[in-house]
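Working notes, structure below.
Please treat every number below as a calculation from the coordinates, not as lab data. Just so it is clear, the structure is predicted and the values come from calculations on it, not from any experiment. Positions of Cβ are generated from backbone atoms using ideal geometry, with glycine treated the same way; all protein chains shown enter the neighbour counts.
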Amino acid sequence: MIRSLHHVGIVMNDLKRAEAFIRTFHLIEDYREYVPTYQAMCIFTKLEPGTSIELVVPDGGVLYDYNNGKGGIHHIAFTVDDIEETTAEYERSGLSMLEDSGVKGAGPIYVNFLRPKYGQGILVEFVEERKSEKE
């Protein structure tokens, strides 16, 4: 079940552009972490409680050529209680996800994406926030 908007993801083709975006809009960086699964540095900024803008800076992989290498708005992300339950729910209804199960994202989150054809052309990410690893 979707609880709230978690963040909007923007692909930036260069770290300097991402940092300039942060300065231009007086955003506050919350944290950054490299996500090997997507070959990208992910920089989360602080906004209203519970929402953020994520700047994704790929160094290769499928995101590198996003929008012909220019970057741009890439996805919207919703907070869910359980990423595995959400993945299974969408798969049961015939809507496929990008990953077989949730993958570690930047910071204390696990994520999966609904394929854009099922989001009416929009890539939708589901985010489960975790304080610690599930056993």
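Remarks
- Straight-distance candidates among the lysines for linking to LYS131, with alpha-carbon spacing under 29 Å and chain neighbours fewer than 8 residues away dropped: LYS46, LYS104.
- Highest mobility in the GNM of the chain, judged by mean-square fluctuation with C-alpha springs under 10 Å and restricted to ASN112, ASN13, ASN68, is found for ASN68.
- Relative contact order (percent, whole number), segment 2-129, Cα cutoff 8 Å, 6+ residue spacing: 27
- Take the Cα of GLU99, step 7 Å toward its Cβ, do the same at TYR34, and the gap between the two points is 1.8 nm.
- Between the helical axis of 15-24 and the longest alpha-carbon principal axis of the chain there is an angle of about 80 degrees.
- The long axis of helix 83-92 is offset from the longest Cα principal axis of the chain by roughly 60 degrees.
- In this rough spin-label picture, where each label sits 7 Å from Cα along the Cβ direction, the GLN120-VAL62 distance is 2.3 nm.
- Rg/Rh (Cα only; Kirkwood hydrodynamic radius) as it applies to segment 2-129: 0.95
- If the segment from ARG92 to THR24 were pulled out straight at 0.36 nm per residue, it would be longer than the present Cα-Cα gap by 20.1 nm.
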